[in-house]
Amino acid sequence: MKTIIIILTLLIQVAILNSQTPVKYEFRNKSEDGQNELRAIVNNKKYSLIRKSDALCIKKEKIADFDNDGYEDVLISIDQGCGAASCCGAEYQLFSFNGLEFVKSPVVGNDWNGIKISKAANKYLFEIDDTREGAGNYEFCNNSVETYTVENHNLKLVKVVKEVYVPSIKEVKSSEFENSDNQQLSLKYDLDSDNKIDNIVFEDFERWGRMYWRIEFGNGKVYEDNETWKRVGILKSKTKGFNDLVVDCDKVLKWNGKKYVGQ
């Protein structure tokens, strides 16, 4: 009897799925500036999900039945910079049909690395970076990797991995340039244990909210580095007689005999 009930339940579910009307998504009227419209068609009825007046630059990430209800959903990315690559990361939004209407999820992410979509235990998972980066953004140590699934026709946050702040002895942050007239900042410390004070010099990279930096050693030598950071701090630990450095939130740099390299 139990087996018969299970079989009947499965047959009913299949019948329901087969009876549901397919959803068709259309991306239309792409303009020169990349702005786009998104429409959906269900049972010959048209739905305007994103209008031209919304002035959004969007693209399709994936169309699939993310919540296993028989209706295909669409996940889109929104380019806030509309092609200006150095402006902003990508945001993401889900549109899901519930049988009566489309549910529009809140916009999530500020992703510079591209969304990662996977499937486990018959559930779709969306891994999205939320990175505090972009034009004039001086924030640091607030980045996270967020994992979403789809539940009740909406994006549901199921996991968050945040950066872990590594404390330092002394440090300079790029935010110290914000709303300041300073052209340079400096951090003085004997980095190479030669009893001479060394000077780490920082210059504002306002476009990215970061800092250029160099080290003017007390012995007259100068170390130049092409990387830019939002924080540079000095650690107690040493490598080859030089203090290790921590940059941004948690990246450690160690002296290899010629230069500072990331670990």
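Out of curiosity, is V252 in contact with a Phe, Trp or Tyr (Cβ under 9 Å, 6 or more places away or on another chain) and assigned to a strand (DSSP E or B)? In short, no. Going by the structure shown, is Y92 hydroxyl-bearing (S, T, Y) and under 30 Å from R210 (Cβ atoms)? Considered against the rule, which asks whether it is hydroxyl-bearing (S, T, Y) and under 30 Å from R210 (Cβ atoms), Y92 comes out as yes.
Give the number of residues within the range 54-110 that are within 14 Å of L38 (Cβ to Cβ), touching a residue at least 40 places away in the same chain (Cβ under 8 Å) and assigned to a loop (DSSP other than H, G, I, E, B). So the count comes out to 2.
Residues that are among the aliphatic types (A, V, I, L, M), surrounded by fewer than 19 Cβ atoms within 10 Å (Cβ to Cβ), touching a Gly at 6+ places or on another chain (Cβ under 9 Å) and not assigned by TED's automatic domain parsing to the domain that holds N143 occur at least once in the range 244-253. Residues considered: Y223, Y189, Y212. Of these, the only one that is under 18 Å from S174 (Cβ atoms) and at pLDDT 95 or above is Y212. Checked against (1) at positive phi; (2) assigned by TED's automatic domain parsing to the domain that holds G257, K196 passes all but a single condition, namely (1).
Kindly evaluate S186 against the criterion of being more than 13 Å from R231 (Cβ to Cβ), in the same structural domain as N256 (by TED's automatic domain parsing) and touching a residue at least 40 places away in the same chain (Cβ under 8 Å). Taking the combined requirement at face value, the residue does not satisfy it. Given (1) surrounded by 13 or more Cβ atoms within 10 Å (Cβ to Cβ); (2) farther than 17 Å from V252 by Cα; (3) not hydrophobic (A, V, I, L, M, F, W, C), where does N182 come up short, assuming only one miss? Exception for N182: condition (1). Checking the stated criteria, K240 turns out to be over 22 Å from C141 (Cβ atoms), surrounded by fewer than 14 Cβ atoms within 10 Å (Cβ to Cβ) and at pLDDT 95 or above.
Kindly indicate whether any position in the range 98-111 is closer than 30 Å to R210 by Cα and hydroxyl-bearing (S, T, Y). Within the range 98-111 (the criterion being closer than 30 Å to R210 by Cα and hydroxyl-bearing (S, T, Y)), the answer is no, since none of the residues qualifies.
Of the strands (runs of 3 or more DSSP E) lying entirely inside the range 164-225, not one is found with 3 or more residues being touching a Pro at 6+ places or on another chain (Cβ under 9 Å) and hydroxyl-bearing (S, T, Y). Scoring V201 on the criteria (1) within 19 Å of Y138 (Cα to Cα); (2) crowded, with 18+ Cβ neighbours inside 10 Å; (3) hydrophobic (A, V, I, L, M, F, W, C); (4) touching a Ser or Thr at 6+ places or on another chain (Cβ under 6 Å) leaves a single failure, condition (2).
Restricting attention to the range 217-236, the residues being closer than 17 Å to D194 by Cβ and in contact (Cβ under 8 Å) with a residue 24 or more places away in the chain number 5.
Residue count for the range 131-158 satisfying the condition of being basic (K, R) and either farther than 23 Å from V74 by Cβ or touching a residue at least 60 places away in the same chain (Cβ under 8 Å) (or both): 1.
The values are calculated or read from the model by the stated rules, or taken from the named source; none is laboratory data. Every value quoted in this text rests on a predicted model; they were computed, and no experiment measured them. For neighbour counting, all protein chains shown are included, and Cβ atoms are generated from backbone atoms with ideal geometry for every residue, glycine included.
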